[in-house]
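Asks: Pasting a structure here, questions to come.
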Amino acid sequence: MAKAKSKSGKASGESRTAEGKGFTLVRKGVYKTPNTTKLEITVKKLGTAPDDKKFVLKDGRLLKDMVELANALEYMSDDVFSHHVNNFKNDFKTWVEDVFSEKELAAEMHKAKTKADMQLALLRHIVKKTF
């Protein structure tokens, strides 16, 4: 866990976990004034799809969350990508919209025509949600 202490007397720490239940960010902050100390803990979690809503890629791989989708896009074959994203459908966009109710991200994914564009939209969303 990383810790930093500023001149204002504030100390904070972060830890990130990816334990098969989605991505979790835990941020802790301690705020000190001459007479009081305040502890603030923030937990943000990106969801995991229920077992019956996990995404099955054409090649048989199973994805349970948006982080796994972003990682899968890195090494996905063009054949698998074009099976799921083409002029007639965008399975990844539909999954993110229907399972995770992420309408804004789904709109960005709808515009994506390449693996790199799709991955960039996902990674921007993950960073935005967790930081």
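Asks: Please go through region 61-70 and pick out each residue that is touching a helix residue (DSSP H, G or I) at 6+ places or on another chain (Cβ under 9 Å), surrounded by 15 or more Cβ atoms within 10 Å (Cβ to Cβ) and not small (Gly, Ala, Ser).
Replies: Leu63, Lys64, Asp65, Met66, Val67, Leu69
Asks: Which residues, taken from region 98-122, are touching an Asp or Glu at 6+ places or on another chain (Cβ under 7 Å) and surrounded by fewer than 16 Cβ atoms within 10 Å (Cβ to Cβ)?
Replies: Correct list: Lys103 only.
Asks: Looking at region 74-97 only, could you name the residues that are surrounded by 12 or more Cβ atoms within 10 Å (Cβ to Cβ) and either assigned to a helix (DSSP H, G or I) or on the phi > 0 side of the Ramachandran plot (or both)?
Replies: Of everything in region 74-97, those that are surrounded by 12 or more Cβ atoms within 10 Å (Cβ to Cβ) and either assigned to a helix (DSSP H, G or I) or on the phi > 0 side of the Ramachandran plot (or both) turn out to be Val80, Phe81, Ser82, His83, His84, Asp91, Phe92, Lys93, Thr94, Trp95, Val96, Glu97.
Values quoted throughout were computed directly from the atomic coordinates according to the rules given, and no laboratory measurement underlies them. Predicted model only: the values in this text are computed from it and were never measured. Note: ideal-geometry Cβ built from the backbone for every residue, glycine included; neighbour counts use all protein chains shown.
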